[in-house]
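Asker: Below: one structure in structure tokens.
The values are calculated or read from the model by the stated rules, or taken from the named source; none is laboratory data. Being a predicted model, the structure only gives us computed values, none of them experimental. Note that we place each Cβ from the backbone using ideal geometry, even for glycine, and neighbour counts take in every protein chain shown. All accessible areas refer to the heavy atoms of the entire protein, side chains included, with ligands and DNA or RNA removed. Shrake-Rupley method; radii C 1.70, N 1.55, O 1.52, S 1.80 Å.
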Amino acid sequence: MTPPPNSISSRNVAVIGAGAAGLVAARELRREGHTVTAFERQKQVGGLWVYTPNVEPDSLNIDPDRTIVHSSIYQSLRTNLPRECMGYSDFPFVTQPDDETRDPRRYPDQREVMRYLQDFAKEFDINEMIRFETEVLRVEPAAENSREWRVQFRSSNGVSGEDIFDAVVVCNGHFTEPRLAHIPVLLSWPGKQIHSHNYRVPDPFKDQVVIVIGNQSSGSDISRDIATLAKEVHIAAKSDAYEKESSIYSNLHIHPTIDRVYADGSVVFQDGKVVFADAIVHCTGYKYCFPFLETNGYVTVEDNRVGPLYKHVFPPALAPGLSFIGLPSMALQFFMFEIQSKWVASVLSGRVKLPSEDKMMEDIIAFYAKLKSLGIPKRFTHFLTNPQWTPMFEKLKPHEAVLISQTEYFNWIAEQCGSPSIERWREEQYNIAIKKDDETFRDEWDDDDLIEEAYRDFAKIKPTKVCCST
Ligand code: FAD
């Protein structure tokens, strides 16, 4: 599989986005010897973690022409994973005891994640590859049957332009385009409604009765945040979640999903209970969206499936010139961005080969068929986790669970590009964190042995500020 070194080539590569995925993609591409230009529409690195009090004027984000605010981070947010397992493999997310402005907690706040990403960019001189305040407007093949890509962009001072690249790596994030629940007449409900994308602080909900739809990470955290000031918070949750939930907040109530809402402000849950509410907060997730991508209909997003993609990364007919980093949700994000980026970089250089287009398509079709036969909905195509630890998948048999196992996925990619497999402690920490279902997990834990194991590994990391041939 590995071609001789003299066939390894350097490519001119565009990276779209300088969030956690784009930063590590740029680094890995340069390490492999490619020339990299990253386009970032914000003024700084960090993507989602660039907190802003600003929100979009259309609080449910329905207007397609609205001004986009990228971040979905709320002020009180603390990470949902312990910092040791959250960082990149060779730049650990460790505490900075000499700097008292840093958050030393194991599950730090959003500012600390932002500082970590800024440190990472600085350590590896990534900023010099980034064109800030430059939005990519269109990405398309440079000509019919061309292997090159045209990238059209516009900077904040209004200057437009285009460049031609050998390859484009899409790292634009997928937590900005909200998804809403399908509830009859919801939009004519008279109260205030916002999507969690526009949630920042609980103050607007002081003394109000609030319904929170959704009980995943954001729904759980936001409902507790609002409960600190609201009169009552009612969570509408899928049954498996609401049966388990318990809370230290006496004003926080759990219900099954909403059946219907009425013009008098009432909200009726599936069990018939009625609540008159002032506001609804939709913590109902996000949609994949690539408004700049023009592939003549080859790459599509249908029911939140981005396809066809080989191993969530390469569209077979356009590979390796077009690739996507970071699509799988749930999985350990930064580690996944890093390993996918290594794979893309090594395929682009020719050091690692992809199967033929036909073989990749066969793999994708078989994957979709297996998801279907297991009853996993299309919208969960990019769902990667450790199924035995995730209630909705725990009934899968081991040979079925492989399909959506992040361990299998990471180790498969690692093998492709000759990288180490995921560390045992990282995997275990993740498994423990995704089982969390109480308010205390960020401040109480009993896996100190895993922390020690992580720090033993961190101590072995050599300085790796390697910039190669650009
Ligand atoms: P983003 O961070 O969204 O970055 C994408 C970048 O692309 C942005 O900077 C954007 O400006 C830029 N961009 C987009 N379109 C264009 C364009 N057309 N032209 C130029 N630039 C463009 N993960 C964890 O590991 N731990 C956590 O605790 C955690 N908490 C989370 C909490 C919330 C509320 C959410 C929504 C997600 C959380 N995540 C967490 C997951 C998080 O998405 C990832 O950690 C990660 O930050 C995503 O990085 P990204 O680079 O893929 O996307």
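Asker: Run the simple label-point estimate for residue 449 and residue 76 please: 7 Å along Cα→C-beta, distance reported in nm.
Answerer: Result for the modelled spin labels: 3.5 nm.
Asker: Further question: When the accessible area of the range 186-282 is split by element with a 1.4 Å probe, what percent falls to carbon and sulfur? Walk me through the numbers before you get to the answer.
Answerer: Numbers: 2090 of 4200 Å².
Answer for the range 186-282: carbon and sulfur cover 50 percent of the accessible area.
Asker: While we're here: Determine the equivalent ellipsoid of the range 180-327 by diagonalising the alpha-carbon gyration tensor, then write out the semi-axes as square roots of 5 times the eigenvalues, largest first, rounded to whole Å.
Answerer: Three semi-axes, in Å: 36, 16, 15.
Asker: Hey, rough spin-label estimate for residue 119 and residue 250, points 7 angstrom out along Cα→Cβ, what's it come to in nanometres?
Answerer: About 4.2 nm separates the two model spin labels.
Asker: Also, quick follow-up: So how far apart, in nm, are the two label points at residue 35 and residue 62 if each is 7 Å from Cα heading toward Cβ?
Answerer: Placing both labels 7 Å beyond Cα along the Cβ direction yields 4.8 nm.
Asker: Also: Rounded to the nearest 0.05, what FRET efficiency do residue 188 and residue 144 give with R0 = 60 Å and r taken as the Cβ-Cβ distance? Could you check?
Answerer: On the way: r = 47 Å, r/R0 = 0.79.
Once the sixth-power term is evaluated, E becomes 0.80.
Asker: Based on Cβ point charges of +1 for Lys and Arg and -1 for Asp and Glu, what charge dipole magnitude is obtained for the range 1-80 about its Cα centre, in debye rounded to the nearest 20? Could you put the intermediate results ahead of the total?
Answerer: Values: 8 positive and 7 negative charges, 84 e Å.
Magnitude of the dipole: close to 400 debye.
Asker: In terms of the Cα gyration tensor, with a ≥ b ≥ c the square roots of its eigenvalues, is the range 43-114 rounded because a/c is under 1.5, prolate because a/b exceeds b/c, or oblate?
Answerer: prolate
Asker: Students often get this wrong: which residues of the range 332-369 have the backbone nitrogen under 20 Å from the point 7 angstrom along Cα-to-C-beta of residue 302?
Answerer: 358-369
Asker: Which residue, 195, 374, 48, has the largest displacement toward the positive end of the dipole of the chain when charges sit on each Cβ (Lys, Arg +1; Asp, Glu -1)?
Answerer: Projecting each Cα onto the dipole axis, the largest value belongs to 374.
Asker: On average, how much accessible surface per residue is there in the chain, in Å², for a 1.4 Å probe, leaving out ligands, DNA and RNA?
Answerer: Working: 21370 Å² over 470 residues.
Per residue, the chain has an accessible area of 45 Å².
Asker: Here's something else I'd like to know. Please give the residues of the range 420-438, grouped as numeric ranges, whose backbone N is less than 14 Å from a label point set 7 Å along the Cα-to-Cβ vector of residue 460.
Answerer: Under 14 Å, as judged by backbone N against the label point of residue 460, lie 420-426 of the range 420-438.
Asker: Could you work out how far the C-alpha centroid of the range 335-389 sits from that of the range 168-208, in angstrom?
Answerer: If we compute the Cα centre of each part, the gap is 30 Å.
Asker: Also: Could you give the size of the charge dipole of the chain about its Cα centre, using +1 on the Cβ of each K and R and -1 on the Cβ of each D and E, expressed in debye and rounded to the nearest 20? Please report the intermediate quantities before stating the final value.
Answerer: Working: 52 positive and 67 negative charges, 162 e Å.
Charge dipole, the chain, about its Cα centre: 780 debye, nearest 20.
Asker: May I ask you to compute the full-extension gain from residue 238 to residue 203, defined as 0.36 nm times their residue separation minus their alpha-carbon distance, rounded to one decimal in nm? Walk me through the numbers before you get to the answer.
Answerer: Working: separation 35, 0.36 × 35 = 12.60 nm, distance 2.69 nm.
The residue 238-residue 203 span can extend by a further 9.9 nm.
Asker: With a 1.4 Å probe and all protein chains in place, put 106, 115 in order of accessible area, largest first. Walk me through the numbers before you get to the answer.
Answerer: Values: 106 20, 115 75 Å².
Largest to smallest exposure gives the sequence 115, 106.
Asker: Next question. Quick one: angle between helix 110-123 and the longest Cα principal axis of the chain, in degrees between 0 and 90, rounded to 10, please.
Answerer: The helix 110-123 is inclined about 10 degrees to the chain.
Asker: Okay, moving on. So what's the angle, to the nearest 10 degrees on a 0 to 90 scale, between helix 217-227 and the longest Cα principal axis of the chain?
Answerer: Between helix and principal axis, roughly 40 degrees.
Asker: Let me ask another. In the range 186-282, what is the count of Lys pairs whose alpha carbons are under 19 Å apart, counting only pairs at least 8 residues apart or on separate chains?
Answerer: On the way: 192/206; 192/231; 206/231; 231/273; 238/273; 244/273.
Close lysine pairs under the 19 Å cut-off: 6.
Asker: Specify, per residue and in Å³, the volume enclosed by the convex hull of the alpha carbon atoms belonging to the chain.
Answerer: On the way: hull volume 74.6 nm³, N = 470.
Convex hull volume per residue, Cα atoms: 159 Å³.
Asker: Which FRET efficiency value, to the nearest 0.05, is calculated for residue 421 and residue 397 with the Förster distance at 35 angstrom and r the Cβ-Cβ distance?
Answerer: Numbers: r = 23 Å, r/R0 = 0.66.
Efficiency, rounded to the nearest 0.05: 0.90.
Asker: While we're looking at this one, here's another question. Would you work out which of 392, 74, 291 lies farthest towards the positive end of the dipole of the chain? Charges go on Cβ: Lys and Arg +1, Asp and Glu -1.
Answerer: It is 291, whose Cα lies furthest towards the positive end.
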